[in-house]
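These notes are about the structure you will find just below.
We did not get these values from a lab; they are worked out from the coordinates using the rules stated. This one's a predicted model, so the numbers in the text were calculated from it and none came from an experiment. A quick note on method: Cβ atoms are made from the backbone with ideal geometry, for glycine too, and the neighbour counts reach across all protein chains shown.
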Amino acid sequence: MVDPQVAIPDVFCWTRFGAEAGQSMPEILARKERERRANAGLFLWGVGNAVGPGVRELIRRSSNPAVLFSPIKGRPRGVDAIPPRVVAWTSGEAMDGTHYELPTGSVVTSRLDRDRPKAAHYALVCHLEQPLRAEDSNVSLDFCRLRNLTTGSCLGSSQVTAVVATTGESCGNARDLYPVAWRARLAWPYFIRLREPRDIDLGLMLHTVRAGAAAVRLTNIALIP
């Protein structure tokens, strides 16, 4: 649970979460918690934004770079709740271009549009010592006060993940407040580019989660050529 006495950092990575790639938020959290336990606190959090420049600046400014997680407001889009295609990303690359071996207990999934396939996805490399779970929090972020770290510009509504600085003035609207469900720290190499997507048997993967497997691994879900 987020401690309400812990101040919001001046600079941090912020990501909003919700149902995605045919998985509900409880299913994603259960899978990521198994991943965290299997990898001694480390877990990969998939994101669609290429926030590498912001992460570079964040780790330059902070010796303990934080990532804060908030729930998305509103219902999930149909394409996220029932995607036409779900893939697992099987290869990683660090920000300096070197190969990053995905931890054995880590699986990052996303939807992949058949008519507009993408060659890359991304992930934050996170570390958290306590269990990963979303709980009520007295700590909130004011969307109006957040600025993109590298440019100083206001955040766009479509920026699900961003590296930000807290500045500016509040708009004073309750709808602009986002509770912080939990926070983690970014761990080396902090942010990775993912490649080599492979179709997966989503039903089998979710069955593995519900069955209480110690971790969902690429070796115990069906990769479809």
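Structure summary
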item	result
Cα radius of gyration and Dmax for the stretch 11-224 (Å)	16.8, 50
The chain, relative contact order in percent, only Cα pairs under 8 angstrom and at least six apart counted	34 percent
Within the chain, longest stretch free of exposed GluC sites (Glu not before Pro) [DSSP loop, at most 12 other beta carbons within 10 Å]	1-100
Choice from 184, 134, 211 showing the highest fluctuation, given a GNM over the chain with Cα pairs closer than 10 Å	211
Sites matching trypsin sites (Lys or Arg not before Pro) across the stretch 69-169 that sit in DSSP coil, with at most 15 neighbouring C-beta atoms within 10 Å	73, 77, 114, 118, 133
Dipole moment magnitude, nearest 20 debye, the stretch 11-224 about Cα centre, only Lys, Arg, Asp, Glu C-beta charged	80 debye
Helix-only CD estimate at 222 nm, as mean residue ellipticity for the chain, using -39500 (n - 2.57) per DSSP H run (n ≥ 4)	-4500 deg cm²/dmol
Principal-axis tilt of helix 25-38 within the chain, Cα atoms, nearest 10 degrees	80 degrees
Percent of beta bridges antiparallel (DSSP, the stretch 11-224, rounded to nearest 5)	90 percent
Cα centroid separation - the stretch 114-130 against the stretch 132-163, whole Å	18 Å
